[in-house]
Amino acid sequence: MLPDSTFKYLSRAALLIGVLAISGCASVSSRNATYDPLEDLNRVSHGVNKAVDAVALRPASVIYDTVVPNPVVRGIDNFSGNLDQPGHIVNGILQGRPSEASRALFRFLVNTTFGLGGLLDPASDMGLVDEPTDFGETLHVWGVGEGAYLELPLLGPSTVRDAIGRTGNTLLNPTRLIATTGAQELRLRQVGAADLLGDRADAASLIDPVLYDSVDSYAQLRSVYLQTRRFQLGSVGSTDLEANGLDPFDDPFDDPFDDPIAR
């Protein structure tokens with residue numbers, strides 16, 4: 001009989017392959033379009049996410065940012081980011097970008113060896129800056145369309161492709177699979193939770209206007225996410241953005257009541 005961890009791994013892999021096959025037909029005909037056939041369900045998820053943020057995540061992030069010393073916050077952020085590097089290596093290889101994969105490898109080795117297991121970031125001082133990537137980007141490079149917009153309960157905005165990518169990120173990142181005991185898994189979860197609070201605190205000036213100052217926070221969040229993600233992946237170039245009145249270097253929250261994609 002297979003061990004539980006192996007069974008879960010293979011089950012997730014089978015699910016990933018199955019969803020990939022289904023999502024092949026879920027692409028957007030226009031790179032600047034908003035494809036949201038599940039809007040009613042997405043709005044329900046958005047309501048849940050917004051309530052959780054207002055009641056728990058937002059206040060907890062304020063306390064975390066106020067109480068936890070900055071060196072500790074930076075250490076947790078560095079450590080969590082270092083755990084992501086093996087995934088960046090694998091995705092760089094899958095994307096056919098060996099130079100990016102090599103830099104991620106050297107960054108991981110330097111910070112793990114000379115950075116106290118990743119708590120410090122000497123690699124950046126050496127010019128090996130973080131170049132994040134993920135399996136959603138790998139699917140994009142492979143030609144998989146982004147599919148329908150999704151807002152996932154407790155996970156936030158996404159697309160069909162990026163939702164699949166979340167599972168791929170776990171499967172392709174060896175450091176996320178090293179927790180062989182309950183205590184190790186708990187420590188990784190604690191680091192992840194602390195890192196989430198730090199990220200929420202850092203992005204408060206961007207997130208709060210979208211969620212709490214917009215007439216329609218769902219449409220505004222969808223717009224900002226799709227613009228940002230498409231620009232990050234190169235799905236929308238500067239010419240496309242200018243043609244649609246969008247500038248990724250402008251403050252997207254300058255007018256919280258505006259939804260450029262919905263125009």
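Values quoted throughout were computed directly from the atomic coordinates according to the rules given, and no laboratory measurement underlies them. Here the structure is a predicted model, which is why all the values come from computation and not from measurement. Cβ placement follows ideal geometry from the backbone for every residue including glycine, while neighbour counts extend to all protein chains displayed.
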Note to self: Using the crude model of +1 on Lys and Arg Cβ and -1 on Asp and Glu Cβ, and no other charge, please compute the dipole size for the stretch 92-135 relative to its Cα centre, in debye to 20.
What the structure shows: 160 debye
Check: For the stretch 42-237, what does the alpha-carbon gyration tensor say about shape, rounded, prolate or oblate, given a ≥ b ≥ c as the root eigenvalues, a/c under 1.5 as rounded, and a/b over b/c as prolate?
Finding: oblate
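So, by mean Cβ neighbours within 10 angstrom, what's the order for 76-82, 142-148 with the highest one leading?
Values: 76-82: 20.3, 142-148: 18.4.
So the order, starting with the most tightly packed, is 76-82, 142-148.
So how do SER99, SER223 line up by other beta-carbon neighbours within 10 Å, fewest first? Could the numbers behind the result be given before it?
On the way: SER99 9, SER223 23.
Going from least to most buried by this count: SER99, SER223.
Once the other residues with Cβ under 13 Å from the Cβ of ALA201 are scored (Lys, Arg +1; Asp, Glu -1), what is the net sum?
Working: positive: ARG58, ARG74, ARG200; negative: ASP53, ASP65, ASP77, ASP195, ASP199, ASP202, ASP208.
Around ALA201, the charge tally is -4.
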Item checked: Lys/Arg +1, Asp/Glu -1 at C-beta; the stretch 42-237 dipole; positive extreme among ALA54, GLY165, PRO69 -> GLY165
